[in-house]
Amino acid sequence: MSRLKPIIFLGDSLARLREFPESARQDTGRELARVQAGNDPLDWKPMPTVGRGVREIRVSDKPGEFRVLYVAKLVDAIYMLHAFHKKTRKTVQRDLDLAASRYRQI
């Protein structure tokens with residue numbers, strides 16, 4: 001049996017994730033469990049503008065779109081850079097900048 005990679009939450013990413021509606025939180029948790037087991041999330045896209053190896057988990061829920069930016073390519077852990085409620089079609093630059101800043105910390 002393979003060991004699940006731990007998730008390290010940078011900045012306020014865990015607090016932001018906890019603000020998601022319950023169903024979006026549950027969906028995000030299932031997606032993160034897939035990543036911990038070494039699999040791809042069901043709905044994701046690469047985010048090279050944030051940093052090498054950064055991916056975005058995309059969760060749709062009744063109140064809107066929710067996103068989690070993370071890095072899983074490192075051997076020791078999965079690093080959650082940012083979690084947010086996406087309110088516009090294009091991701092707000094402030095969210096990308098925050099994730100990029102946290103990426104540089106690792």
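The values are calculated or read from the model by the stated rules, or taken from the named source; none is laboratory data. Model, not experiment: these values are computed from the prediction. Virtual Cβ from ideal backbone geometry, glycine too; neighbours counted across all protein chains shown. Ligands, DNA and RNA are stripped out before the accessible areas are found, and what is left, the full protein with its side chains, is counted by its heavy atoms. Shrake-Rupley method; radii C 1.70, N 1.55, O 1.52, S 1.80 Å.
Listing for the model above:
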quantity	calculated
Relative frequency of Cα-Cα separations exceeding 13 Å in the stretch 63-106, percent	55 percent
Accessible-area value, R58, 1.4 Å probe, nucleic acids and ligands omitted, Å²	80 Å²
Debye log10 I(q)/I(0) for the stretch 1-47, one point scatterer per Cα, at q = 0.22, 0.34 Å⁻¹	-0.92, -1.18
The chain: Cα Rg divided by the 2.2 N^0.38 Å rule of thumb	0.99
Electrostatic dipole magnitude of the chain [Cβ: Lys, Arg +1; Asp, Glu -1; Cα centre; debye, to 20]	220 debye
Nonlocal Lys pairs with alpha-carbon distance under 20 Å, the chain (8 or more apart, or different chains)	8
